[in-house]
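Just so it is clear, none of the values below were taken in a lab; they were calculated from the coordinates. Computed from a prediction, not measured in an experiment: that's the story for all the values here. A quick note on method: Cβ atoms are made from the backbone with ideal geometry, for glycine too, and the neighbour counts reach across all protein chains shown.
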């Protein structure tokens, strides 16, 4: 269970200044939707370990199609130091709409509307779902549904969702800040990747920043989320990983800014859902990107799940 001691980052109030405009998405009409214009499919990634075998870094579509096109691609890369495979998911925000579901335990602070399970109406369009960040607001601020559960920290690594469903990752107060278009902000400590490079001075033994781990060891299941120069979202997770290896994977996946999400095997999970015509998604339609995770497709349909999570749904 990932926690972090409160840092010394300055706390900022919500302001009306906006630094980065929401990423543009194709306009639609309720009567005759315009065809969505997707991003180009991601190019293959160079393996970290060339001797790891075939298929490393080669993308394959995952989950339901959106407007007849793949909206999520997945691949794996072997981490040379451990020999373990990490999963990487690429998500097209032109085809997908992001949603932050708030948990009764994390962030807590009273009742929330968008808590598990995924609603019956949302199940008709959900394509992917993945874990949120550290609990008890220990990684920074939390804003959703017009409520500030935890103050937003200046400079904090922030996953920001806009009213049009687009989303990005950046440093609060520099890349992103509050406006009327922002509907959710999920912070988690500081950026792991900035300017397309791992930030300097990453210390895998700094548990006060990067989360307390089971057994106090640096190599555990870890997850991260970043954004590419084209605006695609990239999720990375895997076992037996310390924070510098997570950052290396996010860089290899071509993110320009990226942040850590939750850690330890009980919390990290990425799933996609297939589509059955006329029927909503269900756990039986889901697939975890990597085997060995404790959570899976049923997690986000379980009413007892009380942690925040993120869904990506068809526009």
When region 280-310 is checked residue by residue, the ones that are farther than 27 Å from residue 219 by Cα and either touching a strand residue (DSSP E or B) at 6+ places or on another chain (Cβ under 6 Å) or in contact (Cβ under 8 Å) with a residue 24 or more places away in the chain (or both) are 280, 281, 282, 285, 286, 301, 302, 303, 304
Return the residues of region 73-89 that are over 13 Å from residue 242 (Cβ atoms) and in a strand (DSSP E or B); say none if nothing qualifies. 73, 74, 75, 76, 77, 78, 85, 87, 88, 89
Which one of these does residue 70 not meet: (1) within 17 Å of the chain's Cα centre (by Cα); (2) assigned to a strand (DSSP E or B); (3) more than 16 Å from residue 226 (Cα to Cα)? (1)
Reported set for region 135-148 where residues are within 19 Å of the chain's Cα centre (by Cα) and either surrounded by fewer than 18 Cβ atoms within 10 Å (Cβ to Cβ) or under 13 Å from residue 105 (Cβ atoms) (or both) is 135, 136, 137, 138, 142, 145
Tally up the residues in region 185-220 that are on the phi > 0 side of the Ramachandran plot and either touching a helix residue (DSSP H, G or I) at 6+ places or on another chain (Cβ under 8 Å) or surrounded by fewer than 17 Cβ atoms within 10 Å (Cβ to Cβ) (or both), please. 6
